[in-house]
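Starting off with a structure, shown below.
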Amino acid sequence: IKELLRVMRTIDDRIVHELNTTIPTASFVGKIDAGQTCKELYQSLTDAHTSRERIIKNCIAQTSSVVKTLREEREKAQDDVALLKQLRKEQTKLKLMQSELNVEEVVNDRSWKVLS
């Protein structure tokens, strides 16, 4: 998921470049509709943020379900070391995904400030 999010955050990472290449300079003002171009960039950014948040939340929901199941199994078989190891691994994965929501918020805020 980290690699997928990195690729999906390209628009945010390159927001300054996008603005510099889409907003016309004084010599190109009549040839390009800056309002439409900004509107398209805004929509692309909104779509990217929405899809990333949806993906992260889906992963959190799936991992939470796995953690819940493993906890229930762990209560039945408390001596199972392999089960405990798997539970810890999934809990760590869940925490990392939850922290991605915070990262997403920071990335989104930065992009909106630049766009504004």
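Among the listed residues V107, V66, which satisfies the condition of being open to solvent by 40 Å² or more (accessible area, probe 1.4 Å), within 26 Å of the chain's Cα centre (by Cα) and modelled with pLDDT of 90 or more?
V66 is the lone residue from the list that is open to solvent by 40 Å² or more (accessible area, probe 1.4 Å), within 26 Å of the chain's Cα centre (by Cα) and modelled with pLDDT of 90 or more.
Could you please tell me which pairs satisfy a Cβ distance under 7 Å, a separation of 6+ or placement on different chains, a first residue in region 88-116 that is touching a residue at least 24 places away in the same chain (Cβ under 8 Å), and a second residue that is of a type in the set (K, R) and not in a helix (DSSP H, G or I)?
Filtered contacts from region 88-116: V107/R9.
So which residues in region 15-32 are modelled with pLDDT of 70 or more and either in contact with a helix residue (DSSP H, G or I) (Cβ under 9 Å, 6 or more places away or on another chain) or on the phi > 0 side of the Ramachandran plot (or both), if there are any at all?
Hits for region 15-32 are I15, V16, E18, L19, T22.
If S51 passes every condition in (1) open to solvent by 80 Å² or more (accessible area, probe 1.4 Å); (2) under 18 Å from the mean Cα position of the chain (by Cα); (3) among the polar types (S, T, N, Q) but one, which one does it miss?
Result: S51 fails condition (1) only.
If I1 meets every condition in (1) in contact with a Cys (Cβ under 7 Å, 6 or more places away or on another chain); (2) modelled with pLDDT of 80 or more apart from one, which number is that one?
(2)
The values are calculated or read from the model by the stated rules, or taken from the named source; none is laboratory data. On a predicted model such as this, the values are computed, not experimentally measured, just so you know. Cβ atoms come from the backbone with ideal geometry, glycine included; neighbour counts cover every protein chain shown. Note: areas computed on protein heavy atoms with side chains; ligands, DNA, RNA excluded. Shrake-Rupley method; radii C 1.70, N 1.55, O 1.52, S 1.80 Å.
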